[in-house]
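Okay, so here's the structure we're looking at.
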Amino acid sequence: MQKFIRLIFYRKHLVVLGALALFFGARASAQEWTYTSDYDPNNEVGIWYRDAWQKQDGGVIVSGCETSIYSGTQPVLTSLSPNGNELGRKTFGKPAFCAVWPQVVFNGEGETFALMAYHPDYDSCTTNYFLNFDNPPDHAILGLYKLDEQLNILESHEHTFAVDTAICPHQSCHPNSFSGRITLISAEADGNFIVGSYVISPTYDLYNPRGHDSIFFFRMDFEGQFIDRVGYEMESIGGSMYANWLYYQFVKVDNGFIFYYNDFPRIHYTAPDGLEKIGTPGTAYSMDKDFHIFEEKAFHQQAEISPIVGDCFQQMSVVRSHNNSVYVTSAYTKPSGYGQQGIALYEYHDSERDGTLPMLRYTERSSGLTTWDKPATAKGVDLAADNTIFFGYVLRPDYSVLCIDRLTPDFDSIRTWTFGEGENYVINLYTIRATEDGGLLAVYRSNLYGSAIGHYVVAKIPAEDFVGIGEAHANGQKEAIVYPNPGKNVLNIRTGLQNARVEVYDLNGRLVHGQEMTESHTTIDAEAWAEGVYVWKVIANDKEVERGKWIKE
């Protein structure tokens, strides 16, 4: 039975034609440029960013939201030059409406368009209170807006949809964040059209469910008219709390589209290894070019996962390769239980039709500790022009380390780019996007642990930061990082090298520790070592490729 319960709507029209980052006492990465927006929720107005797109001229459009104590959350776009200088910024607010961040697309002439979804504005501090209206709006808006170089609206095409704005007499009803709304979850150019998807949610009421979320897939021309649109009801109880995790899971294939989805209800299922497990394996819904589902295929986690949470893909993002496969990045819950999370990158074949997507390969990333390691929230995997893969995530050993791997199509490591701001800083990665010059755009947030005050960063990482060993050393970059340094009883080493070995010596040249490194992260127990200075070496292919000093306090 489909997880989308039934077809609820179908409509078809005739197609009418730099900063240098220093941490752990070593130079780990360089950034071509960074654009930063400071954020303090205590201020009257704050801006946060989630996504970025490169224009044909090398400039960048950054997408986010402006939060205000007066007007709720409104979409905002910022235009940057190829060097990361701000050229302009616009907020696209509507009275009594809120929105999440816009999606940006470019037509064949390089013109800029933004899709924005607006839902009724609720006071996030008061249950069932609608800002600015005695009678709340009963509709939501999906609009396509053509923009000039200064982000002014040249053309506006809007569609309205009825939404449920029920009032509930108890605190279990949460309209403020999860209901009575429309959520745009994807949009991208496809020739002369835009294809994408959005979710419409009724009010979430735990005691008196008011229905299920509905997901719509659409094709729209650049004049804002729907050419095709198909809707399906989902299993999740009304409330788009899950729809916020659906970005970049809808991909184009030769014969149509595939939507990769993982809902949260727990079920018992039989895994490919024959074992009975609890969880919700992912489902790939194959669609024809008119968005009709004609096939469902399950796909499974391979990482060692918690038997309680089970086979559940979390914060998933998907990108299609050039050989009938897809790369999927996802978090998974470790066997130690909820709150202990790792990250995995999978490659699945998308053309098999036996009911299950065959997994071709996978690789895991983890700090090795019982910490909340995280993938990118919105888009954690992207494909470069040369078919190499960018894979972004955050490790949290003692503090956050932002990592972006460049991998071959066989998942062999070419280089790992790393960045951190030191102890007590927490980083959240939202989006990575490959650029035309072989580099990368990364959008992330950094803040002190336990504080809501931080800054949002758009970083342009140059192509030379993702080269091999010889080129990296020529650029003064490191192939391995040891942390914390100074440290106490644990020495952690992080490297993107494959089949490498680490050796640690005291200052008398005596080998105190040596081991093979089969993972990107290795933890060494240094409790029995005397306090002092040690020399570490990383050896790959019988050659020393990196060394440094580590201090035990």
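Where a number appears in this text, it was derived from the coordinates with a stated rule and is not lab data. Just so it is clear, the model here is predicted, and its values are computed rather than measured. Here Cβ is always computed from backbone atoms with ideal geometry, including for glycine, and neighbour counts include all displayed protein chains.
Observations on the structure shown:
- Neighbour counts of other Cβ atoms within 10 Å put HIS349, HIS521, HIS322 in the fewest-to-most order HIS322, HIS349, HIS521.
- Cross-link pairs LYS55/LYS379; LYS90/LYS374; LYS460/LYS543; LYS374/LYS488 - those with Cα-Cα distance over 21 Å: LYS90/LYS374; LYS460/LYS543; LYS374/LYS488
- For THR408 and ASN208, a Förster radius of 60 Å and the Cβ-Cβ distance give a FRET efficiency of 0.70, rounded to the nearest 0.05.
- Using the Cβ-Cβ distance between ASP138 and ALA385 with R0 set to 35 Å, the FRET efficiency from 1/(1 + (r/R0)^6) comes to roughly 0.15.
- A crude spin-label estimate for the pair THR518 and GLU86, with each label 7 Å from Cα along the Cβ direction, gives 5.0 nm.
- Annotation: the residues MET359, MET116, sorted from fewest to most other C-beta atoms within 10 Å of their own C-beta, follow the order MET359, MET116.
- FRET efficiency for GLU109 and ASN541, using Cβ-Cβ distance with R0 set to 51 Å, rounded to 0.05: 0.55
- Assigned charges on the beta-carbon of Lys, Arg, Asp, Glu; segment 490-552 dipole about Cα centre (debye): 200 debye
- Positive minus negative residues near LYS289 (Lys, Arg vs Asp, Glu; Cβ under 9 Å): -2
- Exposure proxy ranking for LYS543, LYS252, based on other Cβ atoms within 10 angstrom of each Cβ and starting from the fewest, stands as LYS543, LYS252.
- Modelled this way, with points 7 Å down the Cα-to-C-beta line, the labels at LEU511 and ILE453 are 5.1 nm from one another.
- Length gained on full extension, HIS349 to ALA189: 55.2 nm, using 0.36 nm per residue less the C-alpha separation.
- For ARG320, net neighbour charge (Lys/Arg +1, Asp/Glu -1) across residues whose Cβ lies under 12 Å away: -4
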